[in-house]
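The values are calculated or read from the model by the stated rules, or taken from the named source; none is laboratory data. Source: prediction; values computed, not measured. Cβ placement follows ideal geometry from the backbone for every residue including glycine, while neighbour counts extend to all protein chains displayed. Please note that ligands, DNA and RNA were not included when accessible areas were found on the heavy atoms of the full protein model with its side chains. Shrake-Rupley method; radii C 1.70, N 1.55, O 1.52, S 1.80 Å.
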Amino acid sequence: MSEPSGLAVLGATGSIGGSTLSVVARHPDRFEIVSLAAARRAKELDRLALRWRPEYVVLAELPEPPAGLEWSGEWRCGREAMKAAAADPAASIVVNALVGFAGLESTLAALGAGKRLALANKESLVVGGELVLRAAEDGQGQLLPVDSEHSAIMQCLDGRPRAEVHRVVLTASGGPFREWPASRFGSIRPEDALAHPTWSMGDKITIDSATLANKALEVIEAHLLFGLEFDQIDVVVHPASIVHSMVEFRDGSTISQLGHPTMEVPILYALSAPERLENDFRSFDPVQASPLEFERLRHEDFPMFDLGVEAGRAGGTAPAVYNAANEVAVRSFLEGRLSFLGISRAVERVLSSMAPEPVENVEHLTAVDREARSRAREAVGTPSPTGGETVP
Ligand code: NAD
Ligand code: MG
């Protein structure tokens, strides 16, 4: 039997990181952990290191490991160490489960070093766009989506040529406010937005799911991953999150991928594709899952969706501006400094103040990201243009 594949798990202490380790635990003959990286949760990383015995661990956002850790192996610190873990020859697979723009350099490093990149950190693909695709091409890296919708599309496409695809339909749970009248949106608190009906995830993506910014990021992700025009990507609300997405082919046949909402299935497939490994899944019961319901997305009440898709269509630096402003707005909302409605107002204001430019390189993108964050911080907390009301 062949050697197990070495894995670098970036974002190991998070929701996707944890699910990845559960998947790996069931396939010790196929995968082994080379490195585990996190931002700053040293205690949790310590516990994981004791369990997984990696070659080393990385704390990307700390200058040195804090005192009192039990694991006696190698602790590395800083962003450069994380980037190096993404390109380490000992790991043939990199799982990028970081959050936000901070994941971009690891995505580029992994693809540039020819890795199989299991990508959960959609923000890095959305902001990096062509740069990320070029890094994959130049470095012979392989980009596999972990996002359940994109995993579904990849499985439905099954390598068929783009010319045979009429369109794809991404499903969206609709988030916790699917049935709320817009008149109540002014009263939304962070704890309301954090109560996702079908998925248990990190804070940032949970808020993105509540505003539907997540679905806009996913439309851009689908455009880049599968080379589809924006007009070929539709979104439908499907509250149960059973149908993970569908592909309509030009002959009128629509193929979809179904299953209970668990990230372990798309994670496993990103690690093993095109092979399908044994998995102790809960069998799918169509009767129990009935009826499968679909409804239209309320564009008028969730402006973050259209703002994001428009940024995707505009291209260049626009998705990076959208993403940066959203990251700042979401953080402010979670910290109680911005209202739910203030998120889209702040993002819209930043987008309209920064015209899209063609992306030159990663330094250019980093500068745009920084500028958009600074404008977003300004927008959060300054009076809105529509009268005396304030954004927060
Ligand atoms: P999370 O907040 O639970 O975990 C994030 C992990 O990344 C943690 O280990 C944290 O330490 C690390 N991290 C965060 N910021 C960092 C930084 N600046 N530098 C270094 N490390 C950093 O997040 P999550 O829910 O696991 O989501 C991870 C990514 O996967 C996001 O891009 C999200 O959109 C995507 N995703 C998540 C789910 C899900 O079910 N959770 C589904 C689809 C896609
Ligand atoms: Mg998704």
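Miscellaneous remarks
- ³J(HN,Hα) computed for each position of region 247-253 - Karplus, 6.51 cos²θ - 1.76 cosθ + 1.60, integer Hz, glycine/proline x: 10, 9, 8, 5, 8, x, 8
- Between Pro261, Val328, Gly308, the Cα set farthest toward the positive side of the dipole of the chain (charges on each charged residue's Cβ, about the Cα centre) is that of Val328.
- Sequentially through region 327-333, phi angles give Karplus couplings (6.51, -1.76, 1.60; θ = phi - 60°) of 4, 5, 5, 5, 4, 4, 4 Hz, Gly and Pro residues having no value and appearing as x.
- Taking the 1.4 Å solvent-accessible surface of the chain as the whole, the part contributed by carbon and sulfur is 50%.
- Unit charges on C-beta of K, R, D, E only; dipole of region 5-146, Debye: 340 debye
- Convex hull volume of the Cα atoms of region 248-303, normalised per residue: 185 Å³.
- Point-charge dipole on Cβ atoms (K/R +1, D/E -1) for region 267-324, about Cα centre, debye to 20: 180 debye
- Summing Lys and Arg as +1 and Asp and Glu as -1 over all other residues whose Cβ lies under 13 Å from the Cβ of Arg76 gives a net charge of -4.
- For the chain: span of alpha carbons on each principal axis (Å, largest first): 64, 54, 40
- Candidates Ala240, Ala193, Ala84, ranked by Gaussian network fluctuation over the chain, Cα under 10 Å, top entry: Ala84
- In plain terms, the bigger the Kirkwood radius, the slower the diffusion; for region 96-156, with that radius from Cα pairs, at 20 °C and 1.002 mPa s, Stokes-Einstein puts D at 191 µm²/s.
- Surface per residue (accessible, 1.4 Å probe) for the chain, Å²: 44 Å²
- Over the chain, DSSP H runs of length four or greater, each weighted -39,500 (n - 2.57), average out per residue to a 222 nm ellipticity of -12500 deg cm²/dmol.
- Gaussian network model of the chain, Cα within-10 Å springs - most flexible of Pro161, Pro145, Pro261: Pro161
- Volume of the Cα convex hull of region 24-104, divided per residue and given in Å³: 96 Å³
- For Ser183 and Arg296, a Förster radius of 25 Å and the Cβ-Cβ distance give a FRET efficiency of 0.85, rounded to the nearest 0.05.
- Calculated P(r) of region 5-146 - Cα pairs past 28 Å, %: 11 percent
- Spatial separation of Cα centroids for region 270-336 and region 165-216, in angstrom: 8 Å
- Cα centroid separation, region 123-151 to region 16-56 (Å): 23 Å
- Its Cα centre serving as origin, the chain has a Cβ charge dipole (Lys and Arg +1, Asp and Glu -1) of approximately 580 debye.
- The chain: most fluctuating residue of Glu70, Glu149, Glu55 per GNM, C-alpha cutoff 10 Å: Glu70
- Kirkwood hydrodynamic radius over Cα pairs of region 126-285, then Stokes diffusion coefficient at 4 °C and 1.567 mPa s, in µm²/s: 77 µm²/s
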